[in-house]
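**Student:** Supplied in structure tokens, the structure appears directly below.
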Amino acid sequence: MNIPAAAALDADPDLEPDPLFLAAFREARWILLMWLSCFAWTLTVCLNFGYPETVDPLNFPMVLGIPAWVAWGIAFPWLIANVVTIWFCLFVMEDADLGEDSGEAAISDASANAPAEGGSNV
């Protein structure tokens, strides 16, 4: 029987989400918000300035030698996204302990039980 997630949480009020899940969910919201902001900016600027009704090649707006719609619609949000990403990684993301890896435990147990160098396991 499939129980919706909300009903499952209502069934056990003491059930709390894992703190790692909450941190990952918070970080995912930041990333999605940043992506949507850049997407909306790029579409708005490129559609409004990249397709003018009349084009005058002698008087086309340029920024640093590239068309203005490319500079403001693509390069600008790209640079802003890089700056925000660096800030986000350095100051917002949190490092969390994931616990002990079961593979590491098996390796450490095997190395502890291995014979000494030059010894025989016969």
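The values are calculated or read from the model by the stated rules, or taken from the named source; none is laboratory data. None of these values were measured; they are calculated from a predicted model. Quick reminder, even Gly has a Cβ in these numbers, built from the backbone with ideal geometry, and neighbours come from all protein chains shown.
**Student:** Only residues that are modelled with pLDDT under 80 and more than 30 Å from Asp97 (Cα to Cα): list them for the range 8-49, please.
**Tutor:** Answer for the range 8-49, where residues must be modelled with pLDDT under 80 and more than 30 Å from Asp97 (Cα to Cα): there is none.
**Student:** Let me ask something additional. State which residue pairs qualify: first residue within 28 Å of Ile86 (Cβ to Cβ) and inside the range 12-29, second residue of a type in the set (A, V, I, L, M, F, W, C) and surrounded by 10 or more Cβ atoms within 10 Å (Cβ to Cβ) in any location, beta carbons under 7 Å apart, and separation of 6 or more residues or different chains.
**Tutor:** Leu20/Ala96; Ala23/Ala96; Glu27/Met93
**Student:** Of all residues in the range 37-61, count the ones that are loosely packed, with under 11 Cβ neighbours inside 10 Å and in a helix (DSSP H, G or I).
**Tutor:** 3
**Student:** Right, next: For residues that are aliphatic (A, V, I, L, M), in a loop (DSSP other than H, G, I, E, B) and within 29 Å of Ile31 (Cβ to Cβ), scanning just the range 83-117, find the one that is modelled with the highest pLDDT.
**Tutor:** Step by step, filter the range 83-117, then rank; the result is Met93.
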